[in-house]
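The values are calculated or read from the model by the stated rules, or taken from the named source; none is laboratory data. Quantities reported herein were computed from a predicted structural model and do not represent experimental measurements. No Cβ is skipped: glycine too gets one built from the backbone with ideal geometry, and neighbour counts run over all protein chains shown. The accessibility values were calculated without ligands, DNA or RNA, using every heavy atom of the protein model including side chains. Shrake-Rupley method; radii C 1.70, N 1.55, O 1.52, S 1.80 Å.
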Amino acid sequence: MSNKKTSINIILAATTLVTGIASAEDIELDLFHRWPNEPIRSFIADRVAEFERQNPGITVNIDQVLNDSYKDKLRVILGSSNAPDVFFSWSGEFGNNLVRNGTVRSLEGFLEEDQQWLEDNILLSQVDPFEYEGEVYGLPWQMNGKALFYNLDAFNDVGLDLPDTYQDILASCDTFRENGYIPVVFSSKEHWAISHWVGTFNERLVSPSVIETDYQRESGRFTDPGYVRALEELEHMVTQCANDFPNATDHSTERSMFIAGRAAMNFLEYGEIRYLEEDADFAWDSTNFPPFEDGKGNQNTMQGAPEGYMIAEKSEHPEAAYKLVKFLTSGETARQSTAVTGFISPAVGAVTPETASENQVAAAEQIAEADGMHLWLDNALDIRIVNTYMNGVQLMLDGQMTPSEVMADVQEAAAEVREVASR
Amino acid sequence: MNFQLDTIKSDKNVPRPDSHVDDGRFSLNGLLSRAGYTATSFFLVLYAIVVIYPLFWTIINSLKSTQEIYTSSWSLPTTWEFGNYVEAWNGGVSSYFLNSFIVSTSSVLITIYVSALCAYGLLKYRGKGANALLLFLIGGLLVSPEVSVVPLYELMQVTRFHDTYLALIVPYVAYRLPITILLIRAYFLTIPKDLDEAAYIDGYNSMQIFHKIYLPLSKTILITAGVLTAYYTWNEFLFAIIFIDSDSLKTIPSGLMAFRDALQTNWGVLLAGLVISATPLIVAFMFLQRSFIRGMVSGSVKG
Amino acid sequence: MNIARKYGSLIYVVPAALITTVFVYYPLLLNFIYSFYEFSAISPGKVFVGWSNFKELLHDEAALISLLNNVKYILISVFFQVILSFIIAAILEDRFFRKVSPFLRVLYFVPVLLSVTIVAFIFQFFYDPVNGLINQSLAAVGLDSWRQPWLGSSDTAIYAVIAISQWQSMGYTALLFIVSLQTIPKDLYEASSLEGASKVQQFFHITVPQSKEIILVVLIVTVAQSFTVFGEPYILTGGGPGYSSSVLATYLYENAFNQDRMGYASSIAVVVFFLTMAVLAVQLKISKTGERS
């Protein structure tokens, strides 16, 4: 790593001499993101190296931590004296919380001058979720969404049609089991993984206006019977259709089981398509989670929201940091990203048959067709509510709590959060 | 706290009482104890298997592909994937290793030197409050590091130690000082005073006496204390995950967590990383068995 | 003796005193103060809340579960790391096992040398509900119904975690006992042998009484460690499912670094402090009585 950097620096120094351009004062930026795993880690490292080449005098140190740990770490280091200059963030409540605490720099000043660049490069609809009280705080570099993936070979094998509704899924489970398939592979060891299910079920079963009120820190009550129903359905679905021991299974194992062809259905992120493309040797397809026949909610929303980069308020080099954010979210980076990382990019013209696989193009269409994206539930709600909620679901799946008991705890946590929010 | 032993006796030289077994005559008591011995032997072997099998399994499976670990984790590898070790080493384990080495070595050297210095000072000091001072210095024994994690975290921010080697070295030294001072002081007390006097007459100043007489004479206890400190720092987990953010600075216990996350389900490489991380301490133990064991015992109060 | 000579030696004590003051005592004091505040790592402001953290702690079910899990940790650890490990030490010191004893005591000690992360990862493989060795072996011998999601069920998770600590630590306490047993005068055994005492009688009448002190030391170390255990549950279960395998240290960590409630975490730390203090106070008292006898 350091060798690479040294040699790059030597090249930089040489270029400077030859071209006679005096390099600006040396600037060091810290970039913090959430992909310690390949190929994304290398992709970002390569793009950053390219950025350093194009911007002599700026060096970028990169660090990365996975998922749940990333959230813990980020919250803590943003308040510390060594906050990173540029960091990954989800849009919505996760980002809003950081903004509220004054740790994120508004991008308004930069974007005013760059309006043209923004329109040329990024789908504006994907910038909106990064707005807080009228100002933009982040730029998206990945659209994501959760979809139900079908193992088409399994459906052919047992002679079933793809389900049109949630009830169809339930009805198909016995058939799959009899033929040795796990109908729906499911894991609940990690909070975030459960939250995607609960979030989707809530959206389908609770009316949108109620959800909107409840998901706000200041007004969340969670008293609608639809929430209990959502958990009852989840419990039912897991008993009826899922593998044994979900609480002891993590998401990567869950996905491995699907890829190994042992399951008929799996709820995955579009960002995970590349795993399927690499390793699954069966035909597959994806769709937005099917509607509930009698649901009071919106039957065509999707969990998932743009994810992108923000600049820390404490950054000493906001201009350079903004350059890096621009570089990472630009159309140029995006066109390469789709092929390498499998992310569905929000950049203009990034997901086309030339740059992306058929599946990715289809995913982008499915995202566009959904009636709006809902933030991942674990990022939409206050962390206290999330913990109570997801711990409760784990215990519910373990037979220790009932759905209404879980929601009673959630209501209590929501009351505490309302109190804190009103201070 | 008064339990202190620093010898482990060799089995050969210790005369043992004889049992009923080898007196050559048949007896009921003898028969019973034979059955007892068989049962006991069985138990010891069982325990040995419980200890050794997971390690054996880890080594064997570290040489397999992930697919094979899934399908046949009991059997020997069909193809021996030595590449797992290369991949693990290059995938970060080498840097965790280096970091652990740097942090442990620095912590040990600083702890030992500062403690010895302090023990020497305590020995020489004859003024008021000598006892109170001693109590103050070893009182830290009663504070477990977990208790102070939140303020320490802030302290690391203020001192700007956070996310540097110092964020680990300094707390490690601080929490190992009390026991080390206690051990070294006890040893210094056994060094005859005449030596000081003689050295003094030879024109040594007190710093020279410390360096040229006390330190060399106390090699045994210094090694013991060093081994104990190294053992603690090599395995410390809580500070390691809180005070270090950068992947490039992580020590083995916290680094392996990141390593697992980065690998996702590449199990063969993960297991190879575990084996690499575990090996040095085990090898060192084989060589330093005696002083290590002695160290464990002297430090039994706060292992 | 002049002043310089008398107080000059204090200069040697300064580095140690400074480090201890700044990094042991000062944080300890701060922690007490913080436990009366509510604050987060992100925002710099601290709000004084009086006793409210402690009041909340009294009614906090998750904290109670965590404390109870620490108690389970203690009880099981005492059985394995004190009682069983003492018996193993006594067996290894028996003349009958003299040939294999040096080998075995090194072997039993090896797990102690592994970092907690390594041990936790290895056992994660063993506990895996589908591919794990434990469930596979149960299935292999026809005990399918005994299969469990060891780390994923609130009935078994904490025990699965505790089991790992026993696997790792028994060798350590056994070794401490062995060294102590070697100091028991051999003529005691010879004399009782001549009187026809059996091994078991000798164990209870000589070995145990002669080892009273080391047993107490190990007992206290084990209890103190059980109150502050962190790595095993943190890595293996993260305290889940729900809070079923949470212990005080993981609960403290979760409040501080996940929920960002630093003040509440400090109040948990205060509780941990008094619990370990109580244990160590007992230790001091016991070691004093030990001196007299």
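Kindly provide the set of residues from segment B:159-198 that are within 16 Å of C:Val13 (Cα to Cα), aliphatic (A, V, I, L, M) and touching a Ser or Thr at 6+ places or on another chain (Cβ under 7 Å), ordered by number.
Within segment B:159-198, B:Val173, B:Ala174, B:Leu177, B:Ile181, B:Leu183, B:Ile184 qualify.
Would you tally the residues in segment B:31-65 being assigned to a helix (DSSP H, G or I), away from chain C (no Cβ under 11 Å) and open to solvent by less than 30 Å² (accessible area, probe 1.4 Å)?
The qualifying residues number 1.
Within segment A:389-414, take every residue that is in contact (Cβ under 8 Å) with a residue 24 or more places away in the chain and surrounded by fewer than 20 Cβ atoms within 10 Å (Cβ to Cβ) and give me the one that is farthest from A:Trp197 (Cα to Cα).
Top of the filtered list is A:Glu412.
Between C:Leu28, C:Leu67, which is among the aliphatic types (A, V, I, L, M) and either free of Cβ contacts under 8 Å to residues at least 60 places away in the same chain or open to solvent by 30 Å² or more (accessible area, probe 1.4 Å) (or both)?
C:Leu67
Taking segment C:30-57, which residues are closer than 18 Å to A:Ala413 by Cα and under 24 Å from the mean Cα position of the chain (by Cα)?
C:Leu57
Given the residues B:Ser94, B:Ser115, which is the only one that is open to solvent by 20 Å² or more (accessible area, probe 1.4 Å) and assigned to a helix (DSSP H, G or I)?
It is B:Ser94.
Quick one: would you say B:Ile181 is at pLDDT 90 or above and crowded, with 18+ Cβ neighbours inside 10 Å?
Spelling it out, B:Ile181 is indeed at pLDDT 90 or above and crowded, with 18+ Cβ neighbours inside 10 Å.
Residues in segment A:170-192: is at least one over 25 Å from the mean Cα position of the chain (by Cα) and within 14 Å of A:Phe292 (Cα to Cα)?
yes
Taking segment B:191-216, which residues are modelled with pLDDT of 90 or more and under 16 Å from B:Ile181 (Cα atoms)?
B:Phe210, B:Tyr214, B:Leu215, listed by residue number.
Looking only at residues in segment C:38-50 that are open to solvent by 60 Å² or more (accessible area, probe 1.4 Å) and at pLDDT 85 or above, which one is nearest to B:Val158 (Cα to Cα)?
Applying the filter and picking the extreme gives C:Lys46.
Does any residue of segment C:183-203 turn out to be more than 10 Å from every other protein chain (Cβ to nearest Cβ) and either of a type in the set (Phe, Trp, Tyr) or surrounded by 20 or more Cβ atoms within 10 Å (Cβ to Cβ) (or both)?
Yes.
Among the helices (runs of 4 or more DSSP H) contained in segment C:213-293, which hold 2 or more residues that are more than 14 Å from chain A (Cβ to nearest Cβ), open to solvent by 20 Å² or more (accessible area, probe 1.4 Å) and out of contact with any strand residue (DSSP E or B) (no Cβ under 6 Å at 6 or more places or on another chain)?
Qualifying helices (runs of 4 or more DSSP H): C:262-292.
Going by what's in this entry, would C:Ala139 be described as at pLDDT 90 or above, outside any loop (DSSP other than H, G, I, E, B) and open to solvent by less than 50 Å² (accessible area, probe 1.4 Å)?
no
Residue under question is B:Leu189, and the condition is that it be loosely packed, with under 14 Cβ neighbours inside 10 Å and either within 7 Å of another protein chain (Cβ to nearest Cβ) or touching a residue at least 60 places away in the same chain (Cβ under 8 Å) (or both); does it hold?
yes
Suppose we filter B:His211, B:His162 for residues that are open to solvent by 20 Å² or more (accessible area, probe 1.4 Å) and not aromatic (Phe, Trp, Tyr); which single one remains? Break it down stepwise before answering.
On the way: B:His162 fails: open to solvent by 20 Å² or more (accessible area, probe 1.4 Å).
Going through B:His211, B:His162 in turn, the sole match is B:His211.
Of (1) small (Gly, Ala, Ser); (2) open to solvent by 20 Å² or more (accessible area, probe 1.4 Å); (3) touching a Pro at 6+ places or on another chain (Cβ under 9 Å), A:Gly349 satisfies all except one. Which?
(3)
Scan (1) of a type in the set (Gly, Ala, Ser); (2) part of a helix (DSSP H, G or I); (3) out of contact with any Ser or Thr (no Cβ under 6 Å at 6 or more places or on another chain); (4) within 12 Å of chain C (Cβ to nearest Cβ) for the single condition B:Ser100 breaks and write down its number.
(3)
Under the condition of being over 16 Å from the mean Cα position of the chain (by Cα) and closer than 19 Å to A:Leu124 by Cα, which residue from segment A:82-113 is farthest from the other protein chains (Cβ to nearest Cβ)?
Of segment A:82-113, the ones over 16 Å from the mean Cα position of the chain (by Cα) are A:82-86, A:97-113.
Still in the running and closer than 19 Å to A:Leu124 by Cα: A:106-113.
Working: A:Ser106: 17, A:Leu107: 20, A:Glu108: 22, A:Gly109: 23, A:Phe110: 23, A:Leu111: 25, A:Glu112: 28, A:Glu113: 30 Å.
Here the answer is A:Glu113.
Can you tell which of A:Thr338, A:Thr287 is in the same structural domain as A:Ile259 (by TED's automatic domain parsing) and under 19 Å from the mean Cα position of the chain (by Cα)?
Selected residue: A:Thr287, the only one of A:Thr338, A:Thr287 that is in the same structural domain as A:Ile259 (by TED's automatic domain parsing) and under 19 Å from the mean Cα position of the chain (by Cα).
What do you reckon, is A:Ser256 of a type in the set (Gly, Ala, Ser), within 14 Å of chain C (Cβ to nearest Cβ) and free of Cβ contacts under 8 Å to residues at least 40 places away in the same chain?
yes
Out of the residues in segment C:6-25 meeting the condition of being modelled with pLDDT under 90 and open to solvent by 30 Å² or more (accessible area, probe 1.4 Å), tell me which one is farthest from the other protein chains (Cβ to nearest Cβ).
Among those residues, the one meeting the criterion is C:Gly8.
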